[in-house]
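Participant: Pasting in a structure now, in structure tokens, and then I'll have a few things to ask.
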Amino acid sequence: MSRDRSATYRLQLDSGFGFEQAAALIGYLAELGISHLYVSPVLQAAKGSPHGYDVVDPSRVNRELGGEQGFFRLHNALDSAGLGLLLDVVPNHMAIGGRENPWWWDVLENGSSSPYAQYFDVDWDASEERWPNKVLLPVLGDHYGRILETDQFRVSHTAGTFTLAYHDHLFPIDPTSLPELLHSAAKTCDSAFLGFLARSHARLPRPTATADRRTVDQRHQDKQVLAFLLTRLCKDDPAVSAALDSVTARINEDHDALDRLIDQQNYRPAFWRAASRDLGYRRFFDINELGGLRAERREVFRDTHYLPIDWVRKGMVQGLRVDHPDGLRDPTEYFQRLRQSCPEAWIVVEKILETDEKLPPDWAVEGTTGYDFLNLVNGLFIDPRGKNGLTRCYETFSGRQSDPETLVLECKRQVIAELLASELSRLTSLFIDVCERHRRHRDYGRDELRRALAETAACFPVYRSYLSPARKPAGRRDSLHITAAIDRAGGECPDLDPELFGFLKQILQGRISGPLEMELALRFQQLTGPVMAKGVEDTFFYRHHRLAAINEVGGDPTGFGTSPARFHRICAQSRTEHPFSLLASTTHDTKRSEDVRARLALLSEIPEQWSQAVTEWGAHNARHRHDEFPDRNTEYLLYQTLVGAWPIETERLAAYMEKAVRESKEHTSWLRQNEPYESSLQEFIKGIMDDTLFCDKVRTFVAGLEHPGRVNSLGQLLLKLTAPGVPDIFQGTELWTMTLVDPDNRRPVDFDACRAALTRVRSLAVEEILARMDQGLPKIWTMHQTLDLRRRRPELFGATGTYTPLRATGPKAGHVVAFIRGTGGVCVVPRLILGCNGDWKDTRLDIPSGSWRNLLTGEVLTGGDIPIGDLLRRFPVALLEQETKHA
């Protein structure tokens, strides 16, 4: 890794903002102080993809972003400016719709005999007896028979190639299902050669999971020859092509004939709701269009990673960001293989760590993408003394009890039952097979085994454990997590045999040998991550609203604030263990931007004032309610959203709230939309946003939070830029960014404004910068000055740069977070500033001796016992560089 890692800048690429637009920003990013551009996935994604995580062909660069030539031009621009590239890779899943994914298309055509059948995590044996060795495709808008009988399926023929269409969905036709069609056409046009081809198609081996390699190879070789001959015949003899068109048209008019043809395929089109019960392939969470990959297989790893690894080896890419490693069967083995393939790469992982959970020590990576830091620093600005007051306010307004632990369990149970039931069914069938091998446990019924698995998954305290065939039994930390889950699950299901939970515990810990037992443990590990993500991130955090600022990816549902002591302890550990981990504060997946959270955190300091305001707003807006809708819990979230993102357009607010109530899954959901409820909510939003008196009330309330919220933002920014690790800047957040969850946070960024702001601050005095607070100048100034220090003095912040906490003394000591990096950089940040009220009294900070320059004000200070009020007099935060040591 040749380049210093001072900061990354994340760009979300899409068809409207590709390589050309990214390359045009490189000069600006270099001036800002960025060392590495960090981009979303660039391999060929599904057409029109807004994010790139739905890769369909890893052998090609995404055409919509500019293709291979565009990528090379971006590399040249980065190389000329001295910047590196951090590339997002997606090893866990692919998009599996239509012709775009050639691997999945081949699987649908050839079933379990496809050379790519083992690329995807398909359980061919999981198919029911009524449709053996088939992939269930839950794409239909209604039951299969109703779709068939309303002529929504159509078989098409083009030059000897046959496909099945359902609206925009397209599927291949297995050549072994064509003999009857071809024979009928041969009679129609009196073609002996077409008759020969019909008989030859009939002799093709049928695709089965038990077919030997020789039979599979024969099938593929013969079908390619037959396809070539049939296409050639259609082009040479128009009568043959016309006959095939005629027979195809007759099939489309005959429901029974069409049903027979579809029944011979290697897939089963089904009502989309069937995915929650019967799906035979692993998905990314509950997204049917994203199929799980078997990255543990060497050929899959090779074919999905060829381009990124090749770019690393050629020096075009310096780092890899690995998406969703918890979905992998064996993340440890995966990272070892990745590290062996590109030993010099900077590898970071999108791993969500729970409170006090650490990255597995045997992962060959530099660290995480920074959600752990995001929640740590976010908590510094939340006042734990406000917890009880906000709890009372929330319970009074919403009419429900604030019991996070119980609610988390309820949410996880719900997503298992409604969204992940097919995954649970696969596990249950496997558990039945395991029990059949153990006479002491073979009499358990399917329902008992299903409940034991479901409850244990719901009670799992972290995203997953990391047992593998090469590392068993489970290590100490995994064993503790498994034991905690089993113990709680047993307590929640007192009617189930305790010995069943004991047996499951032994399996999950890898203490019972056997291939089925290990398979059950490995698959269970791939279930708990989606349960946690969908249950907590995408349900609980949209249902429990005591303080929305806490509801963030990787956040602790029961937590309420971070003490400076804990912040210092974890930063010191990070400096030792993962000095090049990313430090995030806003990402493409955060529920709220850093600036929204910074403002909402202030509510923890003023629970009484907030309670009074929200009670008044609720009473005032009763006139806009319809039939008691929206519910009071949703209304409470709405008011926090208004305060956090104000000013906000009605359309943005309405779109966010629609997503929020569907994610909460209480009154409506993505699967079962409650139109009357959603309409009432939208009418309520329009009503309050058109209510001038109410908007004036919100505007007045926010006015008292706007400046302190921005001070909080500057504080968390400076901490991110100076703490151990590599700060990550999400696009546009160098200025104030009051965005909500995607797609709101993926709207186009005004980079012209960002460029202009950077140019402006470099010629202004600090007082003028502060005077233009509304334009975001203090934020980009803080970023530019700190990144400049990191670039000039990398020894202060890298692996060798020490981290030394500085503890203030005096009445307001708890309102300061400060530390030294190396021997020449000091960060000073205020916290809980409403409680400080601008009066630092006699609070002081002992700065090491020497001459120090405040890089944000230009002042020169002499080390010693310095009043905090003096340090923060001209600018809300302080960044000091020791001049004498640098000289």
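The values are calculated or read from the model by the stated rules, or taken from the named source; none is laboratory data. For clarity, every value in this text was computed on a predicted model and none was experimentally measured. Glycine gets a Cβ as well: all are built from the backbone with ideal geometry, and neighbour counts include every protein chain shown. We work out accessible area using only protein heavy atoms, side chains counted, and drop any ligands, DNA or RNA first. Shrake-Rupley method; radii C 1.70, N 1.55, O 1.52, S 1.80 Å.
Participant: Here are T802, T739: which of them is within 31 Å of the chain's Cα centre (by Cα) and of a type in the set (S, T, Y)?
Facilitator: Numbers: T802 fails: within 31 Å of the chain's Cα centre (by Cα).
Just a single option satisfies the conditions, and that option is T739.
Participant: What tally of residues in the range 219-230 results from selecting those that are surrounded by 15 or more Cβ atoms within 10 Å (Cβ to Cβ) and not charged (D, E, K, R)? Spell out the reasoning first.
Facilitator: At the first step, the residues of the range 219-230 found to be surrounded by 15 or more Cβ atoms within 10 Å (Cβ to Cβ) are 219-220, 222-223, 226-227, 229-230.
So of that shortlist, the ones also not charged (D, E, K, R) come out as 220, 226-227, 229-230.
Residues flagged as surrounded by 15 or more Cβ atoms within 10 Å (Cβ to Cβ) and not charged (D, E, K, R) within the range 219-230 amount to 5.
Participant: Okay, moving on. Determine whether the range 746-758 contains at least one residue that is open to solvent by 10 Å² or more (accessible area, probe 1.4 Å), in a loop (DSSP other than H, G, I, E, B) and closer than 27 Å to S581 by Cβ.
Facilitator: Residues of the range 746-758 open to solvent by 10 Å² or more (accessible area, probe 1.4 Å): 746-753, 755-756.
Cutting the leftovers down to in a loop (DSSP other than H, G, I, E, B) gives us 747-750.
Those left that are additionally closer than 27 Å to S581 by Cβ: 749.
Taking every residue of the range 746-758 in turn, at least one turns out to be open to solvent by 10 Å² or more (accessible area, probe 1.4 Å), in a loop (DSSP other than H, G, I, E, B) and closer than 27 Å to S581 by Cβ.
Participant: Out of the residues in the range 842-874 that are over 19 Å from E767 (Cα atoms), assigned to a strand (DSSP E or B) and polar (S, T, N, Q), which is least open to solvent (accessible area, probe 1.4 Å)?
Facilitator: Among those residues, the one meeting the criterion is S851.
Participant: Turning to a different aspect of this structure: Kindly indicate whether T782 is closer than 24 Å to C827 by Cα, in a helix (DSSP H, G or I) and among the hydroxyl-bearing types (S, T, Y).
Facilitator: On the way: closer than 24 Å to C827 by Cα: yes; in a helix (DSSP H, G or I): yes; among the hydroxyl-bearing types (S, T, Y): yes.
The answer is yes for T782.
Participant: Also, I was wondering about something else. Which of the residues spanning the range 223-238 are within 43 Å of the chain's Cα centre (by Cα) and touching a residue at least 12 places away in the same chain (Cβ under 8 Å)?
Facilitator: Taking the range 223-238 and keeping what is within 43 Å of the chain's Cα centre (by Cα), we get 223-224, 227.
Correct list: K223, A227.
Participant: So K412 ticks every box in (1) open to solvent by 30 Å² or more (accessible area, probe 1.4 Å); (2) over 24 Å from Q573 (Cα atoms); (3) in a helix (DSSP H, G or I) but one. Which box is left unticked?
Facilitator: Only one criterion in (1) open to solvent by 30 Å² or more (accessible area, probe 1.4 Å); (2) over 24 Å from Q573 (Cα atoms); (3) in a helix (DSSP H, G or I) is unmet by K412, namely (1).
Participant: Follow-up. Can you tell me which of L194, L170, L204, L148 is part of a loop (DSSP other than H, G, I, E, B), surrounded by 15 or more Cβ atoms within 10 Å (Cβ to Cβ) and on the phi < 0 side of the Ramachandran plot? Full working, then the answer.
Facilitator: Numbers: L194 fails: part of a loop (DSSP other than H, G, I, E, B); L170 fails: part of a loop (DSSP other than H, G, I, E, B); L148 fails: part of a loop (DSSP other than H, G, I, E, B).
Residue meeting the stated conditions: L204.
Participant: Can you pull out the residues in the range 14-32 that are open to solvent by 10 Å² or more (accessible area, probe 1.4 Å), part of a helix (DSSP H, G or I) and of a type in the set (A, V, I, L, M)?
Facilitator: Answer for the range 14-32, where residues must be open to solvent by 10 Å² or more (accessible area, probe 1.4 Å), part of a helix (DSSP H, G or I) and of a type in the set (A, V, I, L, M): A23, A30.
Participant: Return the pairs, sorted by first residue and then second, in which the second residue is outside any loop (DSSP other than H, G, I, E, B) and among the charged types (D, E, K, R), the first residue lies in the range 615-632 and is without any contact (Cβ under 8 Å) to a residue 60 or more places away in the chain and closer than 23 Å to F701 by Cα, the beta carbons are less than 6 Å apart, and the residues are 6+ apart or on different chains.
Facilitator: Hits for this filter: zero, empty list.
Participant: Please enumerate the residues belonging to the range 558-589 that are under 18 Å from the mean Cα position of the chain (by Cα) and not hydroxyl-bearing (S, T, Y).
Facilitator: So in the range 558-589, the residues under 18 Å from the mean Cα position of the chain (by Cα) come out as 581-589.
L582, L583, A584, H588, D589, listed by residue number.
Participant: Would you be able to tell me the number of residues in the range 446-486 that are in contact with a helix residue (DSSP H, G or I) (Cβ under 9 Å, 6 or more places away or on another chain) and not in a helix (DSSP H, G or I)?
Facilitator: Looking only at that region, the number is 15.
Participant: Which condition number in (1) in contact with a strand residue (DSSP E or B) (Cβ under 7 Å, 6 or more places away or on another chain); (2) closer than 24 Å to W346 by Cβ; (3) surrounded by 18 or more Cβ atoms within 10 Å (Cβ to Cβ) is the one that P579 fails?
Facilitator: Answer for P579: the failing condition is (1).
Participant: Would you check if there is a residue in the range 724-742 being out of contact with any helix residue (DSSP H, G or I) (no Cβ under 6 Å at 6 or more places or on another chain) and in a helix (DSSP H, G or I)?
Facilitator: No: the range 724-742 contains no residue that is out of contact with any helix residue (DSSP H, G or I) (no Cβ under 6 Å at 6 or more places or on another chain) and in a helix (DSSP H, G or I).
Participant: While we're looking at this one, here's another question. Taking the range 241-273 on its own, how many of its residues are in contact with a His (Cβ under 9 Å, 6 or more places away or on another chain) and either crowded, with 18+ Cβ neighbours inside 10 Å or polar (S, T, N, Q) (or both)?
Facilitator: 6
Participant: So, in the range 625-651, of the ones that are outside any helix (DSSP H, G or I) and open to solvent by less than 50 Å² (accessible area, probe 1.4 Å), which residue ends up farthest from D595 (Cα to Cα)?
Facilitator: Of all residues in the range 625-651, those outside any helix (DSSP H, G or I) come to 625-631, 646-649.
Applying the additional criterion that residues be open to solvent by less than 50 Å² (accessible area, probe 1.4 Å) yields 625, 630-631, 646, 648.
Details: R625: 30, P630: 27, D631: 27, W646: 11, I648: 14 Å.
Among those residues, the one meeting the criterion is R625.
Participant: Look through the range 763-775, keep the residues that are over 36 Å from the mean Cα position of the chain (by Cα) and assigned to a loop (DSSP other than H, G, I, E, B), and return whichever of them is surrounded by the fewest Cβ atoms within 10 Å (Cβ to Cβ).
Facilitator: Going through the qualifying residues, I end up with S763.
Participant: Read through the list (1) of a type outside the set (G, A, S); (2) under 38 Å from the mean Cα position of the chain (by Cα); (3) at pLDDT 95 or above, then give the number of the only condition that T823 fails.
Facilitator: Exception for T823: condition (3).
Participant: Checking the conditions here, which among A622, A654 is of a type in the set (G, A, S), assigned to a helix (DSSP H, G or I) and open to solvent by 30 Å² or more (accessible area, probe 1.4 Å)? Write out each step before concluding.
Facilitator: On the way: A654 fails: open to solvent by 30 Å² or more (accessible area, probe 1.4 Å).
Matching residue, one of A622, A654: A622.
Participant: Kindly indicate whether G111 is of a type in the set (G, A, S), open to solvent by less than 20 Å² (accessible area, probe 1.4 Å), more than 20 Å from A275 (Cα to Cα) and modelled with pLDDT of 90 or more. Lay out the reasoning, then the answer.
Facilitator: Numbers: of a type in the set (G, A, S): yes; open to solvent by less than 20 Å² (accessible area, probe 1.4 Å): yes; more than 20 Å from A275 (Cα to Cα): no; modelled with pLDDT of 90 or more: yes.
No, not satisfied.
Participant: Quick one: would you say A613 is within 22 Å of F684 (Cβ to Cβ), hydrophobic (A, V, I, L, M, F, W, C) and over 35 Å from the mean Cα position of the chain (by Cα)? Walk me through how you get there before you give the answer.
Facilitator: Working: within 22 Å of F684 (Cβ to Cβ): yes; hydrophobic (A, V, I, L, M, F, W, C): yes; over 35 Å from the mean Cα position of the chain (by Cα): no.
In short, no.
Participant: A further question follows. Look through T355, T396 and report the one residue that is part of a loop (DSSP other than H, G, I, E, B), over 23 Å from G835 (Cα atoms) and touching a helix residue (DSSP H, G or I) at 6+ places or on another chain (Cβ under 9 Å). Can you show your working first?
Facilitator: Working: T396 fails: part of a loop (DSSP other than H, G, I, E, B).
Step by step, each of T355, T396 is checked, and only T355 is part of a loop (DSSP other than H, G, I, E, B), over 23 Å from G835 (Cα atoms) and touching a helix residue (DSSP H, G or I) at 6+ places or on another chain (Cβ under 9 Å).
Participant: For the structure I just gave you, tell me whether T558 is open to solvent by 10 Å² or more (accessible area, probe 1.4 Å), over 19 Å from E366 (Cα atoms), in contact with a helix residue (DSSP H, G or I) (Cβ under 8 Å, 6 or more places away or on another chain) and hydroxyl-bearing (S, T, Y).
Facilitator: On the way: open to solvent by 10 Å² or more (accessible area, probe 1.4 Å): yes; over 19 Å from E366 (Cα atoms): yes; in contact with a helix residue (DSSP H, G or I) (Cβ under 8 Å, 6 or more places away or on another chain): yes; hydroxyl-bearing (S, T, Y): yes.
The answer is yes for T558.
Participant: Identify, please: which residue in the range 296-332 is open to solvent by 40 Å² or more (accessible area, probe 1.4 Å) and under 22 Å from the mean Cα position of the chain (by Cα) and is, among those, farthest from V61 (Cα to Cα)?
Facilitator: Selected residue: R329.
Participant: Being hydroxyl-bearing (S, T, Y) and either open to solvent by 20 Å² or more (accessible area, probe 1.4 Å) or in contact with a helix residue (DSSP H, G or I) (Cβ under 6 Å, 6 or more places away or on another chain) (or both) is the requirement here; does T176 meet it?
Facilitator: Working: hydroxyl-bearing (S, T, Y): yes; either open to solvent by 20 Å² or more (accessible area, probe 1.4 Å) or in contact with a helix residue (DSSP H, G or I) (Cβ under 6 Å, 6 or more places away or on another chain) (or both): no.
So T176 fails the test.
Participant: Could I ask something else about it? With the structure loaded, tell me whether A572 is surrounded by 23 or more Cβ atoms within 10 Å (Cβ to Cβ) and assigned to a helix (DSSP H, G or I) or whether it fails that test. Write out each step before concluding.
Facilitator: Numbers: surrounded by 23 or more Cβ atoms within 10 Å (Cβ to Cβ): no; assigned to a helix (DSSP H, G or I): yes.
No; evaluated as a whole, the condition is false for this residue.
Participant: Identify, by number, the condition in (1) open to solvent by less than 50 Å² (accessible area, probe 1.4 Å); (2) at pLDDT 95 or above; (3) of a type outside the set (S, T, N, Q) that A474 doesn't meet.
Facilitator: (2)
Participant: Let me ask something additional. Out of the range 660-692, which residues are in a helix (DSSP H, G or I), in contact (Cβ under 8 Å) with a residue 40 or more places away in the chain, crowded, with 17+ Cβ neighbours inside 10 Å and not β-branched (V, I, T)?
Facilitator: A660, E663, S664, Y677, S680, L681, F684
Participant: Quick test of your reading of the structure: N101 fulfils all but one of (1) closer than 30 Å to H51 by Cβ; (2) without any contact (Cβ under 8 Å) to a residue 12 or more places away in the chain. Name the failing condition by number.
Facilitator: With respect to (1) closer than 30 Å to H51 by Cβ; (2) without any contact (Cβ under 8 Å) to a residue 12 or more places away in the chain, N101 is out only on (2).
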